[in-house]
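Worksheet: the structure to be examined is printed underneath.
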Amino acid sequence: MYTFSGSSLSKEAKTFSMQPFQSRVALGPANLSEQLAEKLRMELAQKTKLKEVFSNGDIQFEGIITEFKYTPITPRSDDRGATTSREQLSITVQVSYSNAYDKDFEFSKKQFTQTADKDASTSRDTEEPGLVEDILKKLIKDIFNASIANW
């Protein structure tokens with residue numbers, strides 16, 4: 001095994017493939033699954049020497065977005081003592097990962113959830129793109145660490 005930029009892969013692994021990510025959620029951006037897949041591709045390109053192939057890569061990913069929801073959270077006091085209501089956006093994705101050269105680190109339908117908070121008085125329409133971006137970054141880090149980095 002060799003390591004580069006935080007990844008630990010068998011020397012034999014040269015390629016990766018990714019099934020189109022699916023979405024089972026009614027809320028959120030229409031292209032959320034495409035955004036997630038593209039960010040994972042970029043992470044793999046930046047942190048590994050794996051080349052993407054259409055199918056049957058040495059490393060394979062597939063996933064389903066299973067949750068996109070806003071939840072009210074405990075009000076918080078700001079620095080002036082005023083109480084503000086908050087909402088938390090959470091996104092959950094279920095990912096399967098296979099590795100032709102290291103079966104010990106494979107997983108199937110592993111859940112990854114990340115969140116971001118916003119002031120409940122601000123518009124979801126204006127805040128949501130930034131929240132989604134933050135959450136996707138965290139999800140990609142979690143997926144990469146659980147699969148390629150073997151953490």
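The values are calculated or read from the model by the stated rules, or taken from the named source; none is laboratory data. Just so it is clear, the structure is predicted and the values come from calculations on it, not from any experiment. Please note: Cβ atoms are built from the backbone with ideal geometry, for glycine as well, and neighbour counts cover all protein chains shown. Only protein heavy atoms, including side chains, enter the accessible area calculation; ligands, DNA and RNA are left aside. Shrake-Rupley method; radii C 1.70, N 1.55, O 1.52, S 1.80 Å.
Each part gets one Cα centre, and for region 77-146 versus region 20-71 those centres are 13 Å apart.
In order along region 41-58, the Karplus-derived 3J(HN,Hα) couplings, from 6.51 cos²θ - 1.76 cosθ + 1.60 at θ = phi - 60°, round to 4, 4, 4, 5, 5, 7, 10, 9, 9, 5, 9, 7, 10, 4, 8, 6, x, 4 Hz, and Gly and Pro are given as x. Cross-link partners for Lys39 among the aspartates and glutamates, with Cα-Cα distance under 14 Å and sequence neighbours closer than 8 places in the same chain left out: Glu52, Glu62, Glu133, Asp134, Asp142. Annotation for region 26-119: chymotrypsin sites (Phe, Trp or Tyr not before Pro) lying in DSSP loop with at most 15 further Cβ atoms inside 10 Å of their Cβ are Phe54, Tyr101. Our summary gives region 64-151 a relative contact order of 25 percent, counting only alpha carbon pairs under 8 angstrom and 6 or more residues apart.
Can you flag which of Lys51/Lys141; Lys14/Lys69; Lys47/Lys109; Lys47/Lys103 are past 31 Å Cα-Cα? Correct reply: Lys14/Lys69. In the context of the full set of protein chains, residues of the chain present 56 Å² of accessible surface per residue (probe radius 1.4 Å, heavy atoms only). Restricting the calculation to Cα atoms, every distinct pair contributes to the Kirkwood radius of the chain, found to be 16.7 Å.
With each label modelled as a point 7 angstrom along the Cα→C-beta vector, the Ser85-Lys47 pair spans 3.8 nm. Between Thr15 and Ser108, the modelled labels are 2.4 nm apart [label points 7 Å from Cα along Cα→Cβ].
Look at the alpha carbon pairs under 8 Å that are at least 6 residues apart: their mean separation over the length of the chain gives a relative contact order of 23 percent.
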